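Structure first, commentary second.
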Amino acid sequence: MSKSTGCCQGFLHYVFDYETPKTLIIPSIRVGFVFRFTQFLVLLYVVGYVCVVQKAYQETDSVISTVTTKVKGFAFTNISDMEPRFWDVVDYNIPPQGDGSFFVLTNVVMTPGQTQSRCAELPNPSTTCEDDCDCVEGYNDPRGNGIRTGLCENYSSIVKTCEVLSWCPLEIDTKLPKRALLAEAENFTVLIKNSITYPKFNFHNKNACLPSSRRNILSHINSTYLKTCEFNRKTDPDCPIFRLKHIVSEAGEDFQDMAVKGGVLGILIDWSCNLDWWGRKCYPKYTFRRLDNKHPDNNVAPGYNFRFAKYYRTAEGEEVRTLIKAYGIRFDVIVFGTAGKFGIVPTIVNLGAALSFLSLVPMVADWFMLTCMKKRDLYSRQKSTYLVEESEVESASMSTTYGTQ
Amino acid sequence: MSKSTGCCQGFLHYVFDYETPKTLIIPSIRVGFVFRFTQFLVLLYVVGYVCVVQKAYQETDSVISTVTTKVKGFAFTNISDMEPRFWDVVDYNIPPQGDGSFFVLTNVVMTPGQTQSRCAELPNPSTTCEDDCDCVEGYNDPRGNGIRTGLCENYSSIVKTCEVLSWCPLEIDTKLPKRALLAEAENFTVLIKNSITYPKFNFHNKNACLPSSRRNILSHINSTYLKTCEFNRKTDPDCPIFRLKHIVSEAGEDFQDMAVKGGVLGILIDWSCNLDWWGRKCYPKYTFRRLDNKHPDNNVAPGYNFRFAKYYRTAEGEEVRTLIKAYGIRFDVIVFGTAGKFGIVPTIVNLGAALSFLSLVPMVADWFMLTCMKKRDLYSRQKSTYLVEESEVESASMSTTYGTQ
Amino acid sequence: MSKSTGCCQGFLHYVFDYETPKTLIIPSIRVGFVFRFTQFLVLLYVVGYVCVVQKAYQETDSVISTVTTKVKGFAFTNISDMEPRFWDVVDYNIPPQGDGSFFVLTNVVMTPGQTQSRCAELPNPSTTCEDDCDCVEGYNDPRGNGIRTGLCENYSSIVKTCEVLSWCPLEIDTKLPKRALLAEAENFTVLIKNSITYPKFNFHNKNACLPSSRRNILSHINSTYLKTCEFNRKTDPDCPIFRLKHIVSEAGEDFQDMAVKGGVLGILIDWSCNLDWWGRKCYPKYTFRRLDNKHPDNNVAPGYNFRFAKYYRTAEGEEVRTLIKAYGIRFDVIVFGTAGKFGIVPTIVNLGAALSFLSLVPMVADWFMLTCMKKRDLYSRQKSTYLVEESEVESASMSTTYGTQ
């Protein structure tokens, strides 16, 4: 036998000798039952909880979405402060483009005919004055409405206030109507078109480009139905046309209350999808929630309003604007959701974790066997051997370590 | 030997006695090969699939992005219905701010000179009338255009309809041009600036604040190139300036078709990044898709349009508006992506799962050894010992359980 | 014993016989210490790193958010080029609705009195001409300002340029003020209201609908404080009112610099939450960053600007517009964050991975025992048995494989 052959064989032995644990078989039905039962519990967790309930074998992805909205409806207002007026969608829907966030005007403080000029400030403790000395020229009161000119003018017959340079006449927004001007807005409807996609699962196959995305107008719906339907959780859960009053009341609010000072309302579309071919399920689920804080305790400027203006030019070329403080409901369409689809990595990871727990099962069974069974001493003696350090062992034959004469 | 010493030693034995399984070495090359081969397969999965293909050792984070857009181009229209008109970006780009969603007007129904007044409804089965009795005063037909005054008026010489209070004259949107008014819009270009960041990986180090974010204008691009380039998937894949016609045609649509009734087009920017220093890769990838449903089967209001108005005041102070029903293409810049970077937890979890599977390998080898090998009985007898319940075993010496005389 | 009973008993033995590895106990404190120490390291990693630092036992979810903003402040401008003018929020805040992205105008190039007409192009190498032959009628120069009429006109007394059909007079945007027009804008303040929710953790319990969402106006803040406070990282970290100058300077920029050509500034609100009842923590954290590229090297159109117009009608009915090229700062409120809450699946997966590593510990101890210890030969002989292939073994008694006479 040459040296290299021996070396090679040694290597082969090192690599291919298979070392397997010696085992002791214990024919006890109680120990066996504990073993199998523990195993069963682990498997139950894996199959039942991880696979069925949590679907942990799935890869997930977040939704990408586009929203188009279209409000419909008109109203006629005839209140004492204002001329009779007809309102259509162009008048009350801002911005007009119909994206995921749209505003429906419900109440308004209008200040027509504002020009760049001078006028007496609205009276409040910091603006009232006795004579010009009380008004510092150029002073810019952050809570005021303009730059002081240094004069003290009559605001009314009883009170004098500092004159300011501003858009005059100043807006008096305390005269907000108690009943919302566009109370009829509760009967306006909105059509929401929403198309979503899950990029991780769909963008791979170029050919299946169109089927990969989904719309909230489901495929079994025809256009005749769409022309007349109205969303109702029980009777028409798939109709994408919503009556504003219905949205607000599902959010637990009263439309007329909310319309006075405005607010923000979320139209939440949940697109949680299961994309596995067994159990495919991918439908939108609508919920509605008020998103702003209506409690006035720790709230600045409760409700929702903003100011905008329509600018005109007089025949003489002077710029005039109609200032509009618009109160109303902003509807935010919020699309969210997670899609799950079978994925190898999460499956392997979860199986691996389960296997780890399976490898704990013998420990449990061993513990039971060695502490709770009557014959535990017998088992213990036969299972574990204490190291024999007697020198005679070392002189024993190599091939059979034990079993010496 | 005192009691406490014994107790202490017992405890030391309990804690530090090392219990190792006894093993049987089987010098069979076939069993060894099965063992090593199975081991190899598991390792291949771990290294090849989990690490290289899926990069499961990475932590992931979702992108945060800001988009600025700027449309360029102008057009001149000269059709019979309308005065000759020059259109620049201010006229056709709505909203003007240039954020992630911008609209390019391509077709239009204009109704100039609307005032709050009374006029006869557009004729349709529910609005035609014979005399005033057919028109209920104050009735608000949701599919009509205003509040009925109760009168029946001549709409034309042949048909009489109920009079309504509304913005008159009413819009007649059936006269939509068959060929898009701004057909030239296909040659408009848009510059998209997009800057992204991955908060989980970048916000930690304050100093590296700027390099932590990325832009779609890559660092090797200079401003001379940017002034003349135009995106082309083959020749200029990094140029952030897109011709509208090119976007639409890459989405598989025809611009002129789409321009007539409008639509929604997604400019998808995929920022899937690998942030590990080996194999760093983080570039935007552009794709284009039509996002609205162009099939008229289950579709209400196909295409994309919205109404807005320009408000004027006459010399007499009366409010007049030009109502514009704008058809066009809304471009939504949708930025998505996931960045991955080496993370300890996912690495450990995936290694752990792989180890669990490695611990299955001996089972496979054992099974092979005990069922498929010729010498399976020999192996089985030497590997497993059946519990010996004879009383003589109990009387055997404690130190060496087996190997009795 | 009937056959079926035997078969049944065989099956019971197969299922319930418990096979446990035989072990060798080694009373060596050094091996035991290596074993326990390695075990301790793994446990330390699991408890310390995975649980405490990384909170890997948590399920995570991404934030859903709504933002409302309200800018306050006014300014007065009096520069030579323009009439003295008072600016309030309606004039400089675009769009007015106050959503998550708002623009504050700081500099402006105004071109009043534009009408659809003809005028000479702005002079540059491609527009100057000698006579009409240099100007092709109908030519649409993408870098020009209109459609050429074919005439060559005097632009000034020294230069002649091609006449174009456009909105005339043309905008001359090179006259941008060096010092920002609305320099005072640095003292404007913005109130940001942000309400968020984590759908995975909160939408389950219908009753807890309101507490499930959180606001950046924390519950311990009262409205008196809100009326006067101003955000400051040290003294008022919870105040939702921000001075624009402060935002810009925290982003490391100078407001006056940025105001001249505009820019995009991110107000990042980090809502990283820990929702476990031990250690609950869920507060907004504000950071500010400039999002556009201010370096002019590889940048087209640095800064941020857009054009919009105010449309008027003259007494004769002609449409006139004031073109406004608005430079300013766009503030993007970007809300991000991940909430974590104890979840069974991630806990099990991470525990499983840790267990896998624990199962590696005996390998380490075995390796140490069999290579580094003096008595390694003794250990090796007693631990591993080489397969005995002698025929006498086969004839040995079945019950005790080894140690026969």
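Each reported figure results from applying straightforward, stated rules to the coordinates on display, with no laboratory input. These figures come from a predicted structure and were not determined experimentally. So basically every Cβ, Gly included, is an ideal-geometry build from the backbone, and we count neighbours across all protein chains shown.
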| request: Using the Cα centre as the reference, give the magnitude of the dipole from point charges on the C-beta atoms of the range B:2-105 (Lys, Arg: +1; Asp, Glu: -1; all else neutral), rounded to the nearest 20 debye. | output: 940 debye
| Over the Cα atoms of the range C:285-379, how large are the radius of gyration and the largest Cα-Cα distance (Dmax), in Å? | 34.5, 114
| said: Distances longer than 23 Å among the Cα atoms of the range A:154-269: what percent of all pairs is that? | reply: 58 percent
| query | Dimensions of the range B:1-96 along principal axes (Cα, Å, largest first)? | reply | 115, 50, 19
| query | What whole-number value in cubic angstrom gives the convex hull volume per residue for the C-alpha atoms of the range C:288-344? | reply | 198 Å³
| field | chain C: most fluctuating residue of C:V47, C:V104, C:V89 per GNM, C-alpha cutoff 10 Å | value | C:V47
| remark: Mean other chain Cβ within 10 Å across A:46-53 is 1
| task | Taking each label point as 7 Å beyond Cα in the direction of the beta carbon, state the distances from A:S380 to the same residue in the other copies, shortest first, in nm. | result | 3.2, 3.2
| task | For the range B:247-309, state the average projected area of the convex hull of the C-alpha atoms over all orientations, rounded to one decimal in nm². | result | 6.8 nm²
| request: Just tell me how shielded B:299-310 is by partners: mean number of partner chain Cβ atoms within 10 Å of each residue's Cβ, no decimals. | output: 6
| field | Calculated [θ] (222 nm, deg cm²/dmol) that DSSP helices of n ≥ 4 give over the protein assembly as shown, each run adding -39,500 (n - 2.57) | value | -6500 deg cm²/dmol
| Dimensionless Rg ratio for the range C:56-208, taking C-alpha atoms and the 2.2 N^0.38 Å reference | 1.70
| Placing a label point 7 Å from Cα toward Cβ, how far apart in nm is B:E230 from its equivalents in the other copies, listed shortest first to one decimal? | 5.1, 5.1
| request: Can you tell me the 0 to 90 degree angle between the C-alpha axis of helix A:344-358 and the longest principal axis of chain A, rounded to 10? | output: 50 degrees
| remark: Length-normalised contact order of chain A, Cα under 8 Å, at least 6 apart, in percent, tallies to 20 percent
| field | Cα-based equivalent ellipsoid, chain C: semi-axes from gyration tensor eigenvalues, Å | value | 79, 30, 23
| request: State, as an integer percentage, the relative contact order of the range C:264-356 based on alpha-carbon contacts under 8 Å between residues 6 or more apart. | output: 36 percent
| Phi to ³J(HN,Hα) by Karplus 6.51 cos²θ - 1.76 cosθ + 1.60 over the range C:127-133, Hz, x for Gly, Pro | 10, 5, 9, 9, 9, 4, 4
| request: Among A:W278, A:V31, C:V104, pick out the residue whose Cα is farthest towards the positive end of the charge dipole of the protein assembly as shown, where Lys and Arg carry +1 and Asp and Glu carry -1 on C-beta, about the Cα centre. | output: A:V31
| field | Dipole of the range C:142-290, positive direction: furthest Cα of C:P177, C:T197, C:I221, with charges on the beta-carbon | value | C:T197
| Sorting A:D134, A:D91 on the 10 Å Cβ count, fewest up front, what's the list? | A:D134, A:D91
| request: Mind giving me the FRET efficiency for B:D254 and A:K72? R0 is 41 Å, r the Cβ-Cβ distance, nearest 0.05 is fine. | output: 0.85
| Between the range C:95-171 and the range C:331-367, the Cα center-to-center distance that results, in Å | 63 Å
| How many percent of Cα pairs in the protein assembly as shown exceed 59 Å? | 33 percent
| Cβ neighbours within 10 Å from other chains - mean over B:161-167 | 2
| request: Quick one: among C:C229, C:C282, C:C152, which has the greatest mean-square fluctuation in a GNM of chain C with alpha-carbon springs under 10 angstrom? | output: C:C152
| task | Output the peptides A:242-250, C:272-280 sorted from most to least packed, where packing is the average of other Cβ atoms within 10 Å over each peptide's residues. | result | A:242-250, C:272-280
| Check A:G113: other-chain or 5+ apart residues with amide H under 5 Å from its amide H, H built from backbone geometry? | A:R321, A:T322, A:L323
| remark: Rh_Kirkwood(the range C:229-276) over Cα pairs, Å, one decimal, evaluates to 12.5 Å
| field | Span from the the range B:263-311 Cα centroid across to the the range B:34-67 one, whole angstrom | value | 31 Å
| task | For chain B, with a Gaussian network of springs between Cα atoms less than 10 Å apart, report the residue from B:Q114, B:Q256, B:Q382 with the top mean-square fluctuation. | result | B:Q382
| Cα Rg, Dmax (largest Cα-Cα span) when computed across the range B:76-138, Å | 19.1, 53
| Taking the range B:196-353 and dividing mean pair separation by its residue count, relative contact order in percent (alpha carbons under 8 Å, at least six apart) | 21 percent
| field | Modelled FRET efficiency - R0 56 Å, A:V159 with B:I158, Cβ distances, 0.05 increments | value | 0.30
| So what's the angle, to the nearest 10 degrees on a 0 to 90 scale, between helix C:361-371 and the longest Cα principal axis of chain C? | 60 degrees
| request: Rounded to whole Å and sorted largest first, list the principal axis extents of the Cα atoms in the range C:226-345. | output: 73, 40, 38
